[in-house]
Structure formats: structure tokens, C-alpha cells
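I have placed the structure first, in the form of C-alpha cells, so that the comments after it can refer back to it.
The values are calculated or read from the model by the stated rules, or taken from the named source; none is laboratory data. Note that the coordinates shown come from a computational prediction; the quantities given were computed from them, not determined experimentally. Heads up, the Cβs are rebuilt from the backbone with ideal geometry, glycines too, and the neighbour counts pull from every protein chain shown.
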Amino acid sequence: MLLQLQDGYGPLPSNSAINLKVRGFSRKVKGGFCIMKFDLNNLNPGVFFPFEDDEEGGGVTVRIANGAIIEKIDKKCVKKKVTMRMGRREEIIEENKELRNKMLWDYIIIDWKGIFDINGDPIQCTMENKDKLMKGSVKFSSFVSDCISRLNEESEFYEEVLEKN
């Protein structure tokens, strides 16, 4: 049996059919060899998560921040200072956590639809607005965190499928 993926098929680890959408790459097995397809212009695409019971089609598009992205953000937000004190070398690490979180949310949250202010005007998906909503709205930050957890679970499941084959 084969596992239905977004753009192809992969070996199914059990006797039942499972639908799994994996964004950004696919796996196809034919005749004992594996073909993986990648969009080289967008290796980490976002996934749209609709709001429950929203007939207007509102939701948030998010993606997972990989190690390279986190390292890039850390280089901009973490400063190391080396000082000499009483003949000993000391390293002082200064981290701008506020900027780090702001940059991380800006990367993770790609876009949204159906988010409005109190007057009914659409809220633009900007770095500042992402930061305000993540810090100030428990409902929004919980939704985004749930979306990220679901992406991580999907990614872990797909890695298990690849390891078993």
C-alpha cells in the first residue's frame, strides 16, 4: 500500500490507507527507489490553517522555523562581549529577547485572512501587528501555537515513515 502525499506517494508503514499532506516536498517510490521533489524557490512554504466555524475563509498561514533561521535570528539578537576581570576572561551574553521573539513570529506567521480591528477594518499582517497579537491576544497566540504544534507533529510523523523504509 502507498501513503498519499501532497505531490506523490510513499510507502505506507501499515495495512491501512492514511492521508497525509506534507508541504514543500513529496516522496514517490517506484521499483525500489525513491524520488523526492522540492520547490527550490520555496523550501519552507507555509500551511494555511482555517479558523473553526469561519464561513468567510479566515485563517493564518504559518511555517516552522528551522535551525538555520533560528541561528540567523540569534546572530542579530544575541551579543557576546568578552572582558578581562582580575586576569580572567569573562564572556557576557546579552540577548534581546523582545527583538528575537518579534523576528521569530514575523518569520513563522506568513499571512492571515479574516482578522479585523474593533471597527471592522482588516488588520494588516505586519511585523508590528504580529507582535502585538502574539503578546496581547491569548486567543490568537494559542491558535498560532496550536498550528505550529500540528506542523511539528506532521513533520515528526513523516520522519518516522521515512526512517521505517
Does GLY8 fit the bill of being over 20 Å from PHE143 (Cα atoms), surrounded by fewer than 13 Cβ atoms within 10 Å (Cβ to Cβ) and modelled with pLDDT under 50? no
Would you please list the contacts, defined by Cβ atoms under 8 Å and residues six or more apart or on different chains, that run from a residue in the range 44-65 that is surrounded by fewer than 13 Cβ atoms within 10 Å (Cβ to Cβ) to a residue that is assigned to a loop (DSSP other than H, G, I, E, B)? ASP54/GLY114; GLU56/GLY114; GLY57/GLY114
Which pairs turn up if I take residues in the range 79-107 that are hydrophobic (A, V, I, L, M, F, W, C) and look for partners that are part of a loop (DSSP other than H, G, I, E, B) with beta carbon separation below 9 Å, at least 6 apart in sequence or on another chain? LEU104/ALA65
Modelled with pLDDT under 95, within 24 Å of GLU154 (Cα to Cα) and of a type in the set (A, V, I, L, M) - does that describe any residue in the range 75-94? no
Please verify whether ILE69 is in a helix (DSSP H, G or I), touching a Lys or Arg at 6+ places or on another chain (Cβ under 8 Å) and free of Cβ contacts under 8 Å to residues at least 40 places away in the same chain, treating the condition exactly as stated. no
Among residues belonging to the range 14-64 that are polar (S, T, N, Q) and in contact with a strand residue (DSSP E or B) (Cβ under 9 Å, 6 or more places away or on another chain), point out the one that is modelled with the lowest pLDDT. ASN19
Of the residues that make up the range 101-114, is at least one exposed (fewer than 10 other Cβ atoms within 10 Å of the Cβ) and not in a helix (DSSP H, G or I)? no
Scanning for something assigned by TED's automatic domain parsing to the domain that holds PHE51, at pLDDT 95 or above and over 17 Å from PRO50 (Cα atoms), does the range 138-148 turn up at least one residue? yes
Considering only the range 71-92, state which residues are within 21 Å of TYR107 (Cα to Cα) and of a type in the set (Asp, Glu). GLU71, ASP74
Can you pull out every residue in the range 72-92 that is aliphatic (A, V, I, L, M), outside any helix (DSSP H, G or I) and surrounded by 11 or more Cβ atoms within 10 Å (Cβ to Cβ)? VAL78
Test ARG100 against the criterion of being over 21 Å from VAL47 (Cα atoms) and of a type outside the set (A, V, I, L, M), and give yes or no. yes
